[in-house]
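Since the structure comes first, as structure tokens, the remarks are kept for the end.
Read-outs throughout are calculated quantities, based only on the coordinates presented, and are distinct from any laboratory measurement. As the structure is a computational prediction, the values presented were derived from the model and not from experiment. Note: ideal-geometry Cβ built from the backbone for every residue, glycine included; neighbour counts use all protein chains shown.
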Amino acid sequence: MNQQYSNQPEPIKNRGNTVGVLWVFFNPRGRLSRLAYWLGFILMMLIMLLAFYNATKFFINDIPITGDISIDLNEFIFSNPMLPILLIASKWSELALVMKRLQDADYSGFWGLLVMVPYLNFIVCIVVGFLPPTKGPNIFGRTSNSRPPAKNNHNFHRTRRYQ
């Protein structure tokens, strides 16, 4: 059937807006559902737990029986050369996850910077994980687990297709 005589709306063309693992963990733009947030957060914590386990297993074997458990922090961090890189990547991933989750609830991702405050970051991550999502589109994306609309799409909120 010819497209001009069909009552069906024109399908949305994929403009490279597919989301993937790199987008979830390293891009702070877009929206992320609660399930994807918690799964991403758990995966990130498991990777960091594995990295710290590998870094500490060498120190546990070297602790003297006398009970002196003083460990030099620099020696601990540089015992595994990938550990500082993983620490920076995990903090960035945490920030990206929190920012996308805030944007899904229609808050500014700027509030995600609170995860950089010691002791407050744990509370922020838990509270953000339980925020209800915005129903329908917002300025950060069409639905949960989506990227924001293209910058040249000025009529994004005015079209009937997304409301």
Around Ala105: net Lys/Arg minus Asp/Glu count, Cβ-Cβ under 12 Å: +3
Projected label distance in nm at Ile42 and Leu131, using a 7 Å step from Cα toward the beta-carbon: 2.2 nm
Fully extended contour minus Cα-Cα distance, from Ser108 to Asn54, at 0.36 nm per residue: 15.7 nm
Simple label model, 7 Å out from Cα along Cβ direction - Ser33 to Ser90, nm: 2.7 nm
Proximal charge balance of Leu32 [Cβ under 14 Å; K/R count +1, D/E count -1]: +4
Order by protection proxy (mean Cβ within 10 Å, highest first), peptides 139-148, 113-122: 139-148, 113-122
Environment charge at Val117 (Cβ cut-off 14 Å; Lys +1, Arg +1, Asp -1, Glu -1): 0
